Each structure stands twice: as structure tokens, then as C-alpha cells.
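Working notes, beginning with the structure itself.
The values are calculated or read from the model by the stated rules, or taken from the named source; none is laboratory data. Keep in mind the model is a prediction, meaning the values are calculated, not measured. Counting neighbours? That spans all protein chains shown, and the Cβs are built from the backbone with ideal geometry, glycine included. What goes into the accessible areas is simple: the full protein's heavy atoms, side chains included, and nothing from ligands, DNA or RNA. Shrake-Rupley method; radii C 1.70, N 1.55, O 1.52, S 1.80 Å.
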Amino acid sequence: MQRHSTTSPLLSLPGAVAAEGTDEGVAAHYGDLFREQRALANGTGLVDLSHRGVVTVTGDDRLSWLHLLLTQHVSELPAGQATEALILSAHGHIEHALYLVDDGETVWAHVEPGTQEALIGYLESMKFFYRVEVADRTEEFAVVHLPAGSIAQAPDGVVVRETAHGRDLFLPRADLESYAAANGPAAGILAYEALRIESHRPRVGFETDHRTIPHELGWIGSAVHLEKGCYRGQETVARVHNLGKPPRRLVFLHLDGSEVHLPGHGTPIRLAAEGAEGRQLGFVTTSARHHELGPIALALVKRNVPLDAELLAGDTAAAQELVVEP
């Protein structure tokens, strides 16, 4: 995966503990996970997402061109309106998720860390005669998240992507440290992830594997527009929506709080009645410790798992909450 040449300057803040894996390069937390979660839930502080890839598309044809490639209807996207979109394989499997906004001249998108090179490679291969320019702006711009309810101001000229969950700022990377000092306290990626899990929002590379289709994660509507065609993988989306059901579904799990360790990504899901040697029915995608709910997780399970079934995540008891209808 492509990485920045430097880590975030916010890792020098007091108490900062570096994240590992996909989120390497920013802080996992700054010494008090639950305090950081509560601050975000109360609309204060910010999250350093400067490890995420930043991609821009400019040119007169940018929206009409992206409309042909993305799962979302963007040909008439109003300036300043945030949306999200997917790029699928020819078989309808999820490859990329783009969190984007158009500022009237440029489409700005942030994507999973290290995926921007592959994304740009695909976009460049589809340019043909369209008047568009695609650029990797990751070295120049850092994504900063302000939680819903935050009264912090975006600096003049900074592109903002505003959603129900908060605002994403495409901040000049050189300004990251000074902006955080003026608008903190900073919260780590673990606090951000806990609130993401609570709100059932999937993430590529966590809730997805090589065969995940959008219907399984509840991305129909929010990231996939059913009344447009043309894009790669559209046939699978239409067929599953009109004629069938997805093979799996996303669920939210309340985990047994007496366990010391959280079940990690890939931990098998089984029926509690069948015990730890029972049939595997799915796997944990992401887990976290929530400041109010305790240990929680998202998981991908077979569609026919009963909605009221008590589950085991590894050896941890888990009660499921509906996210995607079976």
C-alpha cells in the first residue's frame, strides 16, 4: 500500500499512542479513550484522519464522467453537497469507497489509506476523450474530522464535506498542527471507530472482503443509486435488488462485557447453541469499546441466521441487532 513519507505531527501530542495496521500514521488514542469518545459524542474536539488518501478531479466533464464510473448519481451534484460512492468490480464486488464533495470547480474525495494509487490508476484508464484531470493530493492535504455539533470553524478557502455525522475538512497539510492546537482536543482513531460502529457505518477493508456486494452492508441508497446504470458492476446490483437477496448481511453486536479481549477482525461467528465447534456463520469485521455501550462490534453473517439467535464471536457471547434486512 502507498504510504506518506511522514507520520502525522499530532503523534507528538502528550499521551499520543500510534495506531497500527491500516490506520498507521495517526494516533490510536491520546491516553484516555473514553474521554475522547465522549468529547466527540458531545460535539467537541477533532479527529486526525491525515493518513487517508485525498484525490481530486478537475475539468469541465468531471461530474458527467464520474457519473459513468461511480455507483452514485453525481452528474448534477450541487456544489457543497456531500455524498459517497463506490467503485465495483465487473462482478459487482466493492473495490473502493469515495467520500466526496464538489466545490464548484473540483471534486474532492477521501479514500482508505494507501488505496489512492490503485484508484487513480483505474480512473486514469477510463479518461478517454473526457476533459478531466485526476490528481493525488495526499501529500498536500490532510483530512480532519469535526464531529456533529462542533462549533469549530473551517479556515477560509478550506473545502468542507458536511454530513449528519460531522464535517470532513480538506486542510492544507502544513496547517494541521496549528489547526489542531486551536480547535482540539484531538481524539484518536479508536474513538472515531467506536462511534462509526455505533452508527453502523461500513468501511472498505474492514466490513468488506473480496466478494462483498453493496446490498450486504446497507450501502444501497446512501452510496448506490438504483435509478442509474452505466457503471461497472451495475448488472449485479440490479439483479440482486430485483430478483434475489444478498448471501450475507451486516449486523451490530453487543458483546459480553466480562471478556478482557475484544474479538478481532476475522473472528468466526457461530450460534451460541452450537458452541465453539459449531458451523461458522460469518466473521467479526470491526470491534471497539464504547463509552456507553461497552464492547461492540460489526459482523458479516449469512443472511438466514435467525434475527433472535444468540451468537458467539470466537468464545465471546454476542447479541445481534438488525442492520441489514435478511
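For segment 177-306, the solvent-accessible area of protein heavy atoms averages 44 Å² per residue (probe radius 1.4 Å; ligands and nucleic acids excluded).
For the chain, the longest stretch holding no chymotrypsin sites (Phe, Trp or Tyr not before Pro) located in a DSSP loop with at most 11 other Cβ atoms within 10 Å is which?
130-326
Computing the accessible area with a 1.4 Å probe over protein heavy atoms, can you report the carbon and sulfur percentage for the chain? Please report the intermediate quantities before stating the final value.
Numbers: 7380 of 14300 Å².
Here it works out to 52 percent.
Only loop residues by DSSP count here, and only those with at most 16 other Cβ atoms within 10 Å; note down the GluC sites (Glu not before Pro) in segment 73-137 that meet that. Provide the component values of the computation, followed by the final result.
Details: sites: Glu76, Glu84, Glu95, Glu105, Glu117, Glu124, Glu133; in loops: Glu76, Glu105.
Sparse-neighbourhood loop GluC sites (Glu not before Pro): Glu76, Glu105.
Largest first, the residues Lys302, Lys245, Lys127, Lys228 sort by 1.4 Å accessible area into Lys245, Lys302, Lys127, Lys228. Centre-to-centre, using Cα atoms only, segment 266-320 and segment 12-75 are separated by 27 Å.
Show me the three semi-axes of the equivalent ellipsoid for segment 100-205, from the C-alpha gyration tensor (sqrt of 5 times each eigenvalue), largest first, rounded to whole Å. Please list the in-between numbers first.
On the way: eigenvalues 137, 64, 35 Å².
Semi-axes, largest first: 26, 18, 13 Å.
With a 1.4 Å probe and all protein chains kept in place, how do Asp156, Asp61, Asp256 rank by accessible area, largest first? Show your work: numbers first, answer last.
Working: Asp156 155, Asp61 25, Asp256 55 Å².
Result, largest first: Asp156, Asp256, Asp61.
For the set Asp60, Asp209, Asp32, the ranking by accessible area, highest first and with no ligand, DNA or RNA atoms included, is Asp60, Asp32, Asp209 under a 1.4 Å probe.
Tell me, rounded to the nearest percent, the portion of alpha carbon pairs in the chain spaced more than 34 Å apart. Percent of Cα pairs beyond 34 Å in the chain: 25.
Per residue, how many Å² of accessible area does segment 9-58 show with a 1.4 Å probe?
Numbers: 1890 Å² over 50 residues.
Result: 38 Å² of accessible area for each residue.
Computed with every protein chain present, the accessible area of His67 is close to 30 Å² [probe 1.4 Å].
Per-residue surface analysis assigns His73 an accessible area of about 70 Å², computed on protein heavy atoms at 1.4 Å probe radius.
Using alpha-carbon pairs under 8 Å, 6+ residues apart, how would you state the relative contact order of the chain in percent? Walk me through the intermediate numbers first.
Values: 736 pairs, mean separation 61.3, N = 326.
Once divided by the residue count of the chain, the mean separation gives 19 percent.
When you filter the GluC sites (Glu not before Pro) in segment 238-292 for DSSP loop state and at most 12 other Cβ atoms inside 10 Å of their Cβ, you are left with Glu277, Glu292.
Convex hull over the Cα atoms of segment 1-126, averaged projected area in nm²?
Details: hull surface 38.0 nm².
Taking a quarter of the hull surface, the average projection is 9.5 nm².
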